[in-house]
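All remarks here apply to the structure that follows.
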Amino acid sequence: MGIKSLLVRPFASTVVKKLEKQRKNAIQDQKDLFQFILSRAQITQFGKDHSFEKITSHYEFTQNVPIRDYEELRPYVNRIIAGEKNVLWRGNPAYFAKTSGTTSGAKFIPISKDSLPNHMNTARDMLLNYIHLSKEHSLADGKMIFLSGSPTLEEKGGIPTGRLSGIVNHHVPNYLRTNQLPTYETNCIEAWEDKLEKIVEETIDQDMRLISGIPPWVQMYFDRLQEKSGKTIIELFPNLKVLAHGGVNIQPYKKKLFDSLGTNDIQLLETFPASEGFIAFQDTLEDEGLLLNTNSGIFYEFIPLQEIDKENPKRLTLGEVELDKNYALIINSNAGLWGYNIGDTVKFISLDPYRIIVSGRIKHF
């Protein structure tokens, strides 16, 4: 047993206690967070435009802050790009996460210094929680691969800009750097086929214990490993324990992934990350659903799907949701997103604690 597997035990135990508290205090955490982000944003241009200093309740908030998509947020983003400060959140964003919009062209989603921990700490907590539950402490002694976008960043209005996965790569904690694959240089390769070839070359003879990525990328990685070695993935990586996935529904890929693995004895860990925030993650090894991230800088609203096209839709807080109903997910965050419709629908399968499944995209309904 390596030194990291020994050191990870107390950290994992601390995270588990933190998550237990979060499960119990979800409603109060959301209420406190609502008041906190409103007070912090009063000095912003958005806060002044929407009278944040006068808002004392969620109802007043809904009367002052309409639901927005990116096109309606764009004028504020353009002001940030033009050099204005204190527009959506205090100061300037630390980054823009660049995404490909289907109707809006490229989107530039602000990530603030205050919202960065939401992305980083949630991923850390998910991993440490798994280690505690599974007792797989030796996971920390092996290699982990994160199939991600390039960490090479450009600038937009003087603000570092890139894919979320590339931004996150700059903030991987030092204690994981020696475990992480592929190398930074390989991650910077833009052409996917060239990058994949190099990833395979760097990892094929390593002690891989965790693989993370969106299912189609993971399957392409598996395909190339098998083409090159003639072996199943578990034959190449006998200590592999976890496949962490998110971004797209794994169900269409699941059978082929397990066929490539050559075993069903691999733990799947589902995540719900987005450029707008790390929304939820799988917190148990048995129960279905993802634990909603209720104390990490995001105040949620939920619009019943049948209300989404109304001029003034009903906007529910966490304490008002019901089981097995589709809701459009709306976020308000310490990144400066307000009444922001991310386009996903969720359904609660548990209210104690608050666990969701991603039920689709609004446009599909």
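In the range 151-160 there is at least one residue that is on the phi < 0 side of the Ramachandran plot, within 20 Å of the chain's Cα centre (by Cα) and open to solvent by less than 10 Å² (accessible area, probe 1.4 Å). Filtering the range 339-356 to residues that are under 13 Å from R23 (Cβ atoms) and of a type in the set (D, E, K, R) leaves D352, R355.
Number of residues in the range 81-97 that are surrounded by 20 or more Cβ atoms within 10 Å (Cβ to Cβ) and out of contact with any Gly (no Cβ under 6 Å at 6 or more places or on another chain): the value is 5.
The rows are residues; the columns are (1) open to solvent by 70 Å² or more (accessible area, probe 1.4 Å); (2) of a type outside the set (S, T, N, Q).
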residue	(1), (2)
N179	no, no
E185	yes, yes
E193	yes, yes
L196	no, yes
V200	no, yes
Y221	no, yes
L236	no, yes
H245	no, yes
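Inclusion of E320 among residues that are out of contact with any helix residue (DSSP H, G or I) (no Cβ under 7 Å at 6 or more places or on another chain), crowded, with 21+ Cβ neighbours inside 10 Å and not β-branched (V, I, T) is not warranted.
The values are calculated or read from the model by the stated rules, or taken from the named source; none is laboratory data. Values in this document were obtained by computation on a predicted structure and should not be read as measured data. Here Cβ is always computed from backbone atoms with ideal geometry, including for glycine, and neighbour counts include all displayed protein chains. For accessibility, only protein heavy atoms count, side chains too; no ligands or nucleic acids. Shrake-Rupley method; radii C 1.70, N 1.55, O 1.52, S 1.80 Å.
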